[in-house]
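Values in this text are rule-based calculations from the coordinates and carry no lab data. Keep in mind it's a predicted model, so treat the numbers as computed, not measured. Here the Cβ positions follow ideal geometry from the backbone for every residue, glycine too, while neighbour counts run over all protein chains shown.
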Amino acid sequence: MKKMLLLFLLFSLVVSPIWAAEPPKLNGQWAGPLKVPGGELKLILTIVPLSNGSYYAALDAPQQRISRMPATATVKGLDVTVSIEQAGSRFVGKILKNGTTLQGTWSQPGLKAPLTLSRLEAPKPAAVAGKARLTPPYREEAVSFYNKEAQIRLAGTLTTPAGPGPFPAVVLLSDSGPHDRDVTEQDYRLFGSLADHLTRRGIAVLRFDDRGVGQSQGSHFNTTTADVVSDAQAALVFLRTRRLLDTRYLGLLGHGEGANVALMAAAEPTPAAPAFVVALAPYGVPGRDIIRRQQLEIMRLIGSNPAQVKAALNLNQEMIRIIRQTPNDNQARGKVAALLRFHNTDLDPHMARARAVQLTSPWSRYFLDFDPLRTLSAVKCPILLLGGTDDLQVATSQNLPPLKKGLKNSAARALRLPGVNHWFQPPMKAWPVVNGDPQPVFSPKALDEIREWVFRKTERPQPAPTTGEQPKKQLVKGNSSGGGGKVSR
């Protein structure tokens with residue numbers, strides 16, 4: 001069938017940068033209601049320019065639990081086209097009112113409707129849940145550190161608990177795709193929330209902008225999962241220079257791809273090896289298997305029929321075969337673009353080429369053959385594997401068991417948190433309501449598990465006595481206070 005109403009491309013919810021034929025004219029997030037039979041769906045488009053001239057684009061549809069679905073965007077003058085091939089959808093419109101409004105038509109299988117998207121205000125660092133940000137009860141410092149291997153400087157924020165220390169510390173490593181140091185997604189700051197919680201309770205935290213994002217140098221488009229290992233190692237080397245930190249207890253805490261980066265860093269016998277690792281939603285199977293599972297989940301969400309599922313999976317399999325068997329990028333891109341247009345005659349040639357460039361990027365090629373189990377036997381430090389049962393991007397049932405088995409030389413603990421999604425948010429009914437709107441939060445149970453596990457593997461300063469007695473011991477080993485209860489394994 002040359003024309004598929006539902007065309008699902010290679011990477012479902014896995015995020016990777018998009019190459020633009022022209023310099024991006026848009027930067028930010030636009031949201032608006034799409035009228036569908038029986039109601040409305042809120043759609044959110046994100047476009048983020050990167051330092052090397054490429055950009056990242058994504059779609060969010062919260063009501064359908066779709067998050068950061070990759071999109072291909074082109075801008076020519078005041079014309080904008082955003083193609084979300086995984087959902088067989090496209091937005092074609094005009095840039096109006098100095099970029100504050102995108103107005104046009106949304107098309108998807110069985111639906112074509114007008115759509116107006118309005119620019120969302122950028123989150124204000126000083127605002128938390130609608131209130132002015134108070135001075136936190138800990139030290140907060142803008143820092144930078146140098147990665148000698150990559151010859152780039154990375155910028156971030158170091159938060160250190162109040163008191164004399166020394167404190168255990170963690171470096172936060174983000175999921176795939178370009179992220180700022182807080183991992184800001186609309187009103188949610190995954191790493192900002194995590195860093196605040198841990199630092200208030202005695203754990204120092206370093207979080208930093210990804211390569212080519214914010215104040216960090218480097219190119220995100222040309223970076224593979226393996227490359228980011230040196231960023232993690234450089235961050236640990238930097239923490240060893242800070243006098244308030246306990247150099248015996250410097251760990252890595254990664255999310256998604258960042259979790260696998262942390263595990264890879266732990267497998268290398270270097271002075272920069274972490275003392276412990278917390279892996280949130282880590283991959284436990286090869287990248288191409290992750291892609292297949294993610295695509296099935298997306299197709300299930302939008303109600304694809306069996307024939308559409310089979311056709312899309314066959315297309316994916318053929319594209320993967322072409323990319324893996326054609327090392328020359330130009331040849332691979334030509335074959336992939338031709339294959340895409342063969343299956344969808346309405347696909348613009350420039351869009352097909354842009355998608356082919358994305359699928360043959362260094363990150364994409366590495367991810368297709370990435371085996372997360374390859375180096376696990378070399379890991380010796382304690383590991384916490386944590387995932388949510390509502391994670392549609394990295395299914396815990398598929399990924400945690402092989403990781404737990406592969407960490408045979410490490411004290412590894414694997415936990416599945418009921419109701420928690422890929423972004424470690426609890427069900428929406430558990431979110432706090434501020435000014436009538438639910439506000440996304442980091443799962444309290446996940447915070448408890450992370451914090452108490454880290455304290456069991458490290459030492460935390462004993463609070464100073466409030467009376468005249470002398471403390472018996474300055475540091476307490478394994479001082480745990482509950483940890484949020486039992487969860488299913």
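For the pair GLU141 and LEU244, label points projected 7 Å from Cα toward Cβ lie 0.7 nm apart. Rounded, prolate or oblate: which fits the stretch 130-247, taking a ≥ b ≥ c as square roots of the Cα gyration tensor eigenvalues, rounded meaning a/c under 1.5, else prolate when a/b beats b/c? Oblate. Among the listed pairs LYS112/LYS445; LYS42/LYS76; LYS97/LYS429, those with a Cα-Cα distance over 31 Å are LYS112/LYS445; LYS97/LYS429.
Shape class of the stretch 281-321 from the alpha-carbon gyration tensor: oblate, with a/c at 1.5 or above and b/c at least as large as a/b.
In terms of packing, defined here as the mean over residues of other Cβ atoms within 10 angstrom, the peptides 343-350, 177-184 line up highest first as 177-184, 343-350. With a Cα-only, solvent-free Debye model of the stretch 320-373, what are the log10 I(q)/I(0) values at q = 0.15, 0.17, 0.22, 0.29 Å⁻¹? Taking Cα atoms of the stretch 320-373 as identical point scatterers yields -0.40, -0.50, -0.76, -1.12. Take every Cα pair under 8 Å whose residues are at least 6 apart in sequence, average their separation, divide by the length of the stretch 165-277, and the relative contact order is 35 percent. Spatially, the stretch 392-466 and the stretch 142-181 are offset by 20 Å when compared through their Cα centroids. For the listed peptides 76-84, 305-313, a ranking on the average number of other beta carbons within 10 Å per residue, highest first, reads 76-84, 305-313.
Here the translational diffusion coefficient of the stretch 316-409 follows from Stokes-Einstein with Rh set to the Kirkwood radius across Cα pairs; for 25 °C and 0.890 mPa s it amounts to 154 µm²/s. When a/c reaches 1.5 or more, the comparison of a/b and b/c decides; with that in mind, is the stretch 187-269 rounded, prolate or oblate per its Cα gyration tensor? Taking the square roots of the gyration eigenvalues as a ≥ b ≥ c, the stretch 187-269 is oblate.
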